[in-house]
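The values are calculated or read from the model by the stated rules, or taken from the named source; none is laboratory data. From a predicted model like this one, the values you see are computed outputs, not experimental measurements. Please note: Cβ atoms are built from the backbone with ideal geometry, for glycine as well, and neighbour counts cover all protein chains shown.
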Amino acid sequence: MIRSIYEWVSRAVTHIRFPPDRAPVAEELTNHYLDCRDGLIRGGMERQQAEQAALDALGDPDETGRLLNRMHRPYLGWLWVFSRYAMGLVAFLFLIGIFRYPAKAAIQSYFYGWPTFFGSEAGSTDLTYLKPFYDGEGQDRELKRSYGVCAQTARAGDYAVSVERAVRWQSWYEDDGVKHTYDGFRFILRAEADSLTLSGPDALRNYLTVTDSAGNSYVNVISSTGYRTDEPRLAGNPFGRALRNFYYDFWLENLDPDIRWVDLHYDRAGVSFTLRINLTGDAV
């Protein structure tokens with residue numbers, strides 16, 4: 001014979017085949033019993049009699065349990081649990097697929113595994129991976145050097161700006177016995193936003209300027225007009241996003257081959273910073 005509400009409830013909920021539903025159902029049945037008992041006591045019944053009367057009013061625990069099991073079907077419950085985990089997985093894959101790509105993979109693909117990016121250490125003299133980019137079209141091109149280091153981070157409003165990687169090279173080829181030389185420099189600028197709700201700081205691309213150790217100023221061709229094709233120039237494009245990080249690809253044209261560093265300058269709407277990229281292979 002069942003003598004307490006806790007024994008009755010425990011027996012009834014064992015019939016529910018979906019375990020996560022048992023605790024809330026047990027609490028609901030207990031509250032129903034307590035409301036009935038307290039009402040009988042307020043009506044003048046002795047406490048012990050009221051407890052037994054409220055317990056009898058609940059009926060047979062096995063019959064009630066089987067009825068509750070039909071109401072709490074296990075496949076519906078497990079489907080609900082599965083849907084929660086599935087939605088979490090979908091959200092995770094969405095973040096990875098939308099926000100992480102194409103940052104690292106694109107940089108690696110775009111720079112063909114250059115050693116100052118992914119693969120070798122920064123400043124490495126192993127330039128094997130660079131050669132396929134320059135060989136081709138019947139021209140004998142070679143690579144001379146590649147490096148660039150910036151250990152600084154600048155604050156620009158709601159963004160922390162840094163140089164993700166930088167690469168400098170010199171290539172040459174002969175055409176009808178005349179040797180042609182090209183000095184190139186490219187860097188990835190990263191802007192880490194304070195919040196996921198912020199959009200990319202495209203003003204960096206439009207208004208960034210560059211000076212070098214030789215005193216040259218590089219004109220930003222995006223925001224300037226009337227520049228000469230033979231003067232030092234800066235150009236760039238948005239390059240990717242990884243969660244709160246925005247990447248911008250910049251390159252310098254008509255580079256002075258003897259410079260030791262370049263300074264990146266930004267000064268607009270009350271926000272200003274300077275970052276130096278050391279071209280000697282040593283962090284600054």
**Report entry** Residues satisfying the stated conditions in region 65-83, i.e. in a helix (DSSP H, G or I) and at pLDDT below 75
**Finding:** Pro74, Tyr75, Leu76, Gly77, Trp78, Leu79, Trp80, Val81
Report task. Write out, first by first residue and then by second, each pair whose Cβ atoms fall under 7 Å of each other, whose residues are 6+ apart or on separate chains, and whose first residue, in region 200-220, is of a type in the set (D, E, K, R) while the second is part of a loop (DSSP other than H, G, I, E, B). Result -> Arg205/Ile222; Asp212/Asp256; Asp212/Ile259
**Report entry** Subset of region 131-155 [modelled with pLDDT of 70 or more and either crowded, with 17+ Cβ neighbours inside 10 Å or not in a strand (DSSP E or B) (or both)]
**Finding:** Val149, Cys150, Ala151, Gln152, Ala154
Query raised in the report: Within region 235-254, can one find any residue that is at pLDDT 90 or above, small (Gly, Ala, Ser) and touching a Pro at 6+ places or on another chain (Cβ under 9 Å)?
Result: no
**Report entry** strands (runs of 3 or more DSSP E) within region 168-284 that include 2 or more residues of a type in the set (Phe, Trp, Tyr)
**Finding:** 178-193, 245-253, 261-268
Query raised in the report: Got a sec? Which of Ile41, Ile16 is in contact with a helix residue (DSSP H, G or I) (Cβ under 6 Å, 6 or more places away or on another chain) and assigned to a loop (DSSP other than H, G, I, E, B)?
Result: Ile16
Query raised in the report: Failed condition for Ala193, given (1) under 25 Å from Trp261 (Cβ atoms); (2) out of contact with any helix residue (DSSP H, G or I) (no Cβ under 8 Å at 6 or more places or on another chain); (3) of a type in the set (A, V, I, L, M, F, W, C), with all others met?
Result: (1)
Query raised in the report: Only one residue in Ser224, Ser171, Ser272 is surrounded by fewer than 17 Cβ atoms within 10 Å (Cβ to Cβ), of a type outside the set (Lys, Arg) and either closer than 14 Å to Ala156 by Cβ or touching a strand residue (DSSP E or B) at 6+ places or on another chain (Cβ under 7 Å) (or both). Which one?
Result: Ser272
Query - Single match in Phe239, Phe273 (criterion: in contact with a helix residue (DSSP H, G or I) (Cβ under 8 Å, 6 or more places away or on another chain) and in contact (Cβ under 8 Å) with a residue 60 or more places away in the chain) - result: Phe239
**Report entry** Within region 167-196, tally of residues that are at pLDDT below 85 and not basic (Lys, Arg)
**Finding:** 17
Query raised in the report: How many residues does region 174-193 hold that are among the basic types (Lys, Arg) and either surrounded by fewer than 16 Cβ atoms within 10 Å (Cβ to Cβ) or touching a Leu at 6+ places or on another chain (Cβ under 9 Å) (or both)?
Result: 2
Query - Matching option when the condition is of a type in the set (Val, Ile, Thr) and closer than 15 Å to Cys150 by Cβ, among Thr229, Thr274 - result: Thr274
Report summary line: In the set Tyr218, Tyr207, the lone residue that is hydroxyl-bearing (Ser, Thr, Tyr) and surrounded by 19 or more Cβ atoms within 10 Å (Cβ to Cβ) is Tyr218
Query - Sole exception among (1) buried (at least 19 other Cβ atoms within 10 Å of the Cβ); (2) over 18 Å from Thr153 (Cβ atoms); (3) without any contact (Cβ under 8 Å) to a residue 60 or more places away in the chain for Leu255, by number - result: (3)
